[in-house]
Amino acid sequence: MVLGDNSVTHKVASGSKVQVRRAALASAVGTTIEWYDFFLYNTAAALVFPHLFFPASSAYAGAMQSFATYAVGFAARPVGAAIFGHWGDRIGRKATLIVTLLLMGISSGVVGMLPGTSAIGVAAPLILVLLRLVQGIAIGGEWSGSVLLAMEWGDQRKRGLLGSFAQIGVPVGLVLGTGGMTLLSATLSPEAFDSWGWRIPFLLSLVLVGVGLVIRLKILETPMFAKLVENRQTARTPVLDAIRHHWREILLSAGVRFSEQMPFYLFTSYVLIYVVSRHEFSKTFVLNAVLVGAACELALIPLFSTLSDTFGRKRVYLCGAVLTGVIAFPYFTILAHGSHALVFVAVVVSFVPHALQYGPQAALIGESFPTHLRYGGAGLGYQLASVFAGGPAPLLATWLLHTTGTPYAISGYIILSAVVSVLCVIFLKDRSKADIDDASIYQRT
């Protein structure tokens with residue numbers, strides 16, 4: 001069924017413009033807070049945690065250990081997607097998202113208060129890993145709920161744009177998290193920053209959680225899910241049903257993320273270690289470049305999402321996946337041999353192919369599952385990529401460079417991710433113009 005002026009979902013969405021705006025705001029603010037917390041950890045994992053929690057290790061071993069704790073959070077994401085996907089499709093999007101927000105904010109606040117290994121010994125890195133697990137579970141349950149909150153409330157002809165409100169939380173969170181670290185690293189002495197300065201942004205998470213809760217408590221359940229509840233059509237075991245009936249869409253959704261997620265964590269986290277160690281550029285210089293790139297995405301994500309509403313998700317997404325492979329070798333050539341200006345430009349430009357994919361991605365994945373299984377199915381597909389793409393990326397990049405001695409091994413790794421995504425995008429059905437409230441469009445033919 002194709003969307004038109006008589007679409008039921010369009011009529012529902014247009015009936016409450018206030019709730020649509022609230023849902024979009026709650027989606028953006030909630031994911032901003034979640035990703036602010038997550039990116040704080042990413043930056044600290046590159047700049048602070050190696051010597052704070054693994055002081056007895058060499059520089060290489062410390063980086064590997066720090067990025068290993070970083071990867072733990074990604075491994076926990078599918079677990080969070082399964083847990084909260086079940087409840088999101090059983091009791092609703094709103095209640096589930098309140099819990100994920102609390103989990104993320106409180107665990108990040110505790111990270112900011114955690115003593116180092118020199119104070120409490122081996123308990124410090126163990127607690128750090130545990131907190132990272134909690135963060136991963138919270139993020140795993142957050143994404144699909146935030147996307148559906150906006151997608152299922154608004155004008156169904158603009159699902160790409162509406163879904164991107166949740167995606168905007170990534171660059172905003174990156175700007176806030178990285179910006180906070182940049183400001184502190186620039187204004188404090190290295191000793192003060194490494195001792196206590198890095199803790200301040202983590203503790204601010206507790207304040208941001210309060211703001212996010214106020215916003216999320218004011219929204220209503222989405223019309224699509226409310227209709228399921230009214231008609232008693234919710235699934236008893238939604239996650240299991242999604243795996244049983246839509247395993248193909250789950251795997252393809254994970255695959256389309258390879259060229260978006262894996263390079264992104266190299267471009268925003270691993271680059272901090274590589275550029276500083278290669279050129280002895282300051283931490284602040286690299287953080288500023290990442291900050292500018294993230295700021296550019298604030299405009300690019302809604303732009304490319306809007307284009308996907310017009311030209312289709314797959315066309316826009318394929319452009320981003322191909323471009324990611326194209327820039328892989330030039331990117332590391334510039335990082336290895338370029339001047340300050342060229343390195344800065346390369347870091348900023350690397351955000352463009354990410355925005356081309358990340359903008360339409362929410363709708364592309366969300367549209368692949370029927371309403372009664374959408375929270376769990378979309379969440380599993382989205383977060384499954386974290387185990388194989390995003391989580392291991394900095395760890396494998398560190399190992400590849402150490403083993404081969406050339407950054408071009410990492411370029412080959414990026415190209416491989418692009419190939420995987422292109423193939424998966426081709427096989428994933430494009431429902432950009434379909435009425436996703438019509439369960440019949442998901443039936444196998």
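Given R0 = 60 Å, the distance between the Cβ atoms of residue 406 and residue 98 translates into a calculated FRET efficiency of 0.80.
Which log10 I(q)/I(0) values does region 237-366 give at q = 0.10, 0.12, 0.17 Å⁻¹ under the Debye formula, counting every alpha carbon as one identical point scatterer? Computed log10 I(q)/I(0) values: -0.38, -0.52, -0.88.
Cα convex hull, region 100-181: 87 Å³ per residue, rounded to a whole number. The accessible surface of region 268-369, taken with every protein chain in place and a 1.4 Å probe, is 75 percent carbon and sulfur.
A Förster radius of 22 Å, combined with the Cβ-Cβ distance separating residue 196 from residue 282, puts the computed FRET efficiency at roughly 0.65.
Principal axis analysis of the Cα atoms in the chain yields extents of 62, 43, 36 Å, listed in decreasing size. The stretch between residue 247 and residue 129, if pulled fully straight at 0.36 nm per residue, gains 39.4 nm over its current Cα-Cα span. Binning the C-alpha pair distances of region 180-235 at 10 Å intervals from 0 yields a P(r) profile of 20, 24, 19, 16, 13, 8, 0 %, listed from the shortest bin outward.
Taking only protein heavy atoms and a 1.4 Å probe, what accessible area per residue, in Å², does region 108-233 have with all protein chains in place?
Per residue, region 108-233 has an accessible area of 38 Å².
For residue 434, the amide hydrogen comes within under 5 Å of the amide hydrogens of 3, counting only partners 5 or more places away or on other chains and with H modelled in the peptide plane. Once the C-beta distance of residue 79 and residue 220 is scaled by a Förster radius of 30 Å, the resulting FRET efficiency is 0.55 to the nearest 0.05. Overall, the accessible surface of region 130-239 at a probe of 1.4 angstrom is composed of carbon and sulfur to the extent of 70 percent. Under Stokes-Einstein, with the Kirkwood radius over Cα pairs as Rh, the value for region 322-432 at 20 °C and 1.002 mPa s is 136 µm²/s.
Is there a pair in 227/429; 218/314; 218/433; 94/283; 17/433; 17/429 whose C-alpha atoms are over 28 Å apart, and which pairs would that be?
Beyond 28 Å between Cα atoms: 218/314; 218/433; 94/283; 17/429.
Counting helices only, and only those DSSP H runs with n ≥ 4, report the 222 nm mean residue ellipticity of the chain as the sum of -39,500 (n - 2.57) divided by its residues, in deg cm²/dmol to the nearest 500. Calculated mean residue ellipticity at 222 nm is -26000 deg cm²/dmol. Under 18 Å of direct C-alpha separation, and excluding same-chain neighbours fewer than eight residues apart, residue 158 reaches these aspartates and glutamates: 5, 309, 367, 430, 435, 437, 438.
Here the label points at residue 203 and residue 333, each 7 Å from Cα along the C-beta direction, are separated by 4.8 nm in the simple model. Note on the chain: with a GNM built from Cα contacts shorter than 10 Å, the maximum mean-square fluctuation among 42, 231, 288 falls on 231.
For the options 223, 302, 190, a Gaussian network treatment of the chain with springs between C-alpha atoms closer than 10 Å singles out 190 as fluctuating the most.
A 1.4 Å probe run over region 251-359, with the rest of the protein chains in place, finds 33 Å² accessible per residue. The residues of region 397-445 expose, per residue, 50 Å² of accessible area to a 1.4 Å probe. Paramagnetic label reach from residue 443 (point 7 Å along Cα→Cβ; backbone nitrogen cut-off under 17 Å): within region 230-257, residues 245-246. Size descriptors for region 267-322 (Cα atoms only): Rg and Dmax, in that order, 15.5, 45 Å.
In region 89-114, which residues have a backbone nitrogen under 19 Å from the label point lying 7 Å from residue 232's Cα in the Cα-to-Cβ direction? What the label zone holds, given the 19 Å backbone N cut-off, is 90-92.
The values are calculated or read from the model by the stated rules, or taken from the named source; none is laboratory data. Computed from a predicted model, the values in this text were never measured in an experiment. Here Cβ is always computed from backbone atoms with ideal geometry, including for glycine, and neighbour counts include all displayed protein chains. Ligands, DNA and RNA are excluded from the accessible area calculation, which covers all protein heavy atoms including side chains. Shrake-Rupley method; radii C 1.70, N 1.55, O 1.52, S 1.80 Å.
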